[in-house]
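The values are calculated or read from the model by the stated rules, or taken from the named source; none is laboratory data. Note that the structure is predicted; figures quoted are calculated from it, not measured. All Cβ positions, even for glycine, are placed from backbone atoms using ideal geometry, and neighbour counts span all protein chains on display.
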């Protein structure tokens, strides 16, 4: 039924207006960065209508020649590996926690939540001291392991929830059908929890992709990730705003398609759409 | 083909004893129904046979082999669950193929078995659909198909019809009974619905608080319930249970008389009663009538044609041959 009463139409118009205003505020910085990326350094803070034709690709050329592409690659390596490793360990762990009849599960959930909630500073300082002694500063291995302290609790926690929504009977049916526990997990439980798994992997990837703090502490030069590399455009005497704008776009673009693909999975997993 | 034997089987979850030590024999090819109220342990007993739960004590033998600690997949049993438990990401074909894939049956043979099962169960047109696109009855048939193709030595059904609507339930009841007649495979069936138990079973096992109250054919249970619990549980509507003191002349602590074993007269009879609610089912009419001195109303069955008004007086005479007598412990007296 479509509600056509005038009071409903007023309410609807009001709602749409609020959404448009919010959308404008949310989109404004992005649009601004986009415009900045095409402006020459000298005009960057001039009103755009005073010199609308002062458009340049210099900022993009500059970024291409800098160390920034390598930093982007580092971000990919770290976010990809730490998510993949955390998935390999965390997905079976989530399954075990959701489906076993262990009595200590309460403590496990408590510990996981603590790890998720604790501020990263709490981990980084001991980690830094350990890494200095172990020679892991500025190594991929060190950075990836450090990032797993972020991704692993997230993935275990969310997979625990996803598997909890898969009915026990489904796994029991597979076991009655002659599947081993491993096969029941891989061929029945995991596909049934797939939306949750995709969502968990993407969220894990994004946490690492967007991280600045860990990388700032643990990297020096060869493994610097993109968010930290952006800082290199800020020097003592000047700030290269044009390059920063391009770098921001370069950081955002790769996750756009990811979000589009992930969108339906995240919505599905949040609304718990696993039904027999 | 399988003969299943439970010897002193016992199951406790922590300190709660769900199944008290019990013995049970299920003969090869028999259709056995476990029936009882919620929480009586009937599903647990089935899951013990399936191997989905470990026994606390006792042994389970399937075809003479001790299967107590054998993993579920190795017992050669197929199970149909209440929720159907179809794999949601697989097509009907893949669902049915799953147990055969696990058993590494050759592809050609798989294909052939799927097709013949689909034919039997009217699923041929739905083989490439996903479970989400099927109706409840079709899903149930897929679950049965998945059980049939592996040619198990026994089928286990855990309340398979309780998610279906009433009309479909009657249809599926017939289909499962037909299937049993054709396959002649042992079937163990759990239900809380005593009508399902009565209509389908060769042998009914009545469970109550983890104890087997009685084992017997449907008519044995109906005609000779061993105690008050079975008497009250089997039969619909329920047997009238009357305190002996309120029914003089019939010498017992408690007596039971089924609604269909009471004669009604408008002129004379043993008990004078006032008619309360009447339930007209068409073929039958059930009267609830109050007798002076009895605490509970008596339910009486007549054929659908009898017209009696609420508040009028009728006379009830229990059929002497059909009265069940019970002692103070609720045990049947003969």
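For residue A:69, are the conditions met, namely being surrounded by 14 or more Cβ atoms within 10 Å (Cβ to Cβ), within 25 Å of the chain's Cα centre (by Cα) and not in a strand (DSSP E or B)?
Yes.
If you take the residues in the range B:68-96 that are surrounded by 21 or more Cβ atoms within 10 Å (Cβ to Cβ) and more than 10 Å from every other protein chain (Cβ to nearest Cβ), which one is nearest to residue B:164 (Cα to Cα)?
Filtering the range B:68-96 for residues that are surrounded by 21 or more Cβ atoms within 10 Å (Cβ to Cβ) and more than 10 Å from every other protein chain (Cβ to nearest Cβ), the one nearest to residue B:164 (Cα to Cα) comes out as B:92.
Among the residues of the range A:153-169, count how many are assigned to a helix (DSSP H, G or I), crowded, with 22+ Cβ neighbours inside 10 Å and facing chain B (nearest Cβ under 10 Å).
Of the residues in the range A:153-169, 0 are assigned to a helix (DSSP H, G or I), crowded, with 22+ Cβ neighbours inside 10 Å and facing chain B (nearest Cβ under 10 Å).
If I filter the range B:225-240 down to residues being assigned to a loop (DSSP other than H, G, I, E, B) and in contact with a strand residue (DSSP E or B) (Cβ under 6 Å, 6 or more places away or on another chain), which single residue comes out as nearest to residue B:44 (Cα to Cα)?
Looking at the filtered set, the residue picked out is B:226.
Could you tell me how many of the residues in the range B:52-84 are within 21 Å of residue B:180 (Cβ to Cβ) and not in a strand (DSSP E or B)?
Counting residues in the range B:52-84 that are within 21 Å of residue B:180 (Cβ to Cβ) and not in a strand (DSSP E or B) gives 6.
Of the residues in the range A:32-50, how many are in contact with a strand residue (DSSP E or B) (Cβ under 9 Å, 6 or more places away or on another chain) and farther than 16 Å from residue A:244 by Cβ?
Result for the range A:32-50: 2.
Is it the case that residue B:151 is within 14 Å of chain A (Cβ to nearest Cβ), free of Cβ contacts under 8 Å to residues at least 60 places away in the same chain and surrounded by fewer than 23 Cβ atoms within 10 Å (Cβ to Cβ)?
Yes; evaluated as a whole, the condition is true for this residue.
Yes or no, residue by residue, for (1) in contact with a helix residue (DSSP H, G or I) (Cβ under 7 Å, 6 or more places away or on another chain); (2) assigned to a helix (DSSP H, G or I); (3) in the same structural domain as residue A:222 (by TED's automatic domain parsing):
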{"residue": "A:28", "(1), (2), (3)": "no, yes, no"}
{"residue": "A:33", "(1), (2), (3)": "yes, yes, no"}
{"residue": "A:49", "(1), (2), (3)": "no, yes, no"}
{"residue": "A:79", "(1), (2), (3)": "yes, yes, yes"}
{"residue": "A:88", "(1), (2), (3)": "no, yes, yes"}
{"residue": "A:119", "(1), (2), (3)": "no, no, yes"}
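Which members of the range B:12-51 meet the condition of being within 14 Å of another protein chain (Cβ to nearest Cβ), surrounded by 20 or more Cβ atoms within 10 Å (Cβ to Cβ) and outside any helix (DSSP H, G or I)?
Within the range B:12-51, B:51 is the sole residue that qualifies.
Determine if the range A:127-140 includes at least one residue that is in a helix (DSSP H, G or I), surrounded by 14 or more Cβ atoms within 10 Å (Cβ to Cβ) and touching a strand residue (DSSP E or B) at 6+ places or on another chain (Cβ under 9 Å).
no
Filter the range B:122-137 down to residues that are buried (at least 20 other Cβ atoms within 10 Å of the Cβ) and more than 13 Å from chain A (Cβ to nearest Cβ), then give me how many there are. Steps first, please.
First, the residues of the range B:122-137 that are buried (at least 20 other Cβ atoms within 10 Å of the Cβ): B:123, B:126, B:131.
Remaining after also requiring more than 13 Å from chain A (Cβ to nearest Cβ): B:123, B:126.
The number of residues fulfilling the criteria is 2.
Hey, could you check the range B:97-115 for residues that are within 7 Å of chain A (Cβ to nearest Cβ) and touching a residue at least 40 places away in the same chain (Cβ under 8 Å) and say which is nearest to the chain's Cα centre (by Cα)?
Within the range B:97-115, the subset within 7 Å of chain A (Cβ to nearest Cβ) is B:98-99, B:102-103.
Filter again for touching a residue at least 40 places away in the same chain (Cβ under 8 Å), leaving B:98-99, B:103.
Values: B:98: 29, B:99: 27, B:103: 31 Å.
Ranking the candidates gives B:99 first.
Give B:222, B:189 a once-over and let me know the one that is surrounded by 16 or more Cβ atoms within 10 Å (Cβ to Cβ) and assigned to a strand (DSSP E or B).
Numbers: B:222 fails: assigned to a strand (DSSP E or B).
After applying the criteria, what remains is B:189.
Quick grid of which residues meet (1) under 24 Å from residue B:308 (Cα atoms); (2) touching a helix residue (DSSP H, G or I) at 6+ places or on another chain (Cβ under 7 Å); (3) in the same structural domain as residue B:198 (by TED's automatic domain parsing); (4) part of a loop (DSSP other than H, G, I, E, B):
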| site | (1), (2), (3), (4) |
| --- | --- |
| B:245 | no, no, no, no |
| B:248 | no, no, no, yes |
| B:251 | no, no, no, yes |
| B:275 | yes, no, no, no |
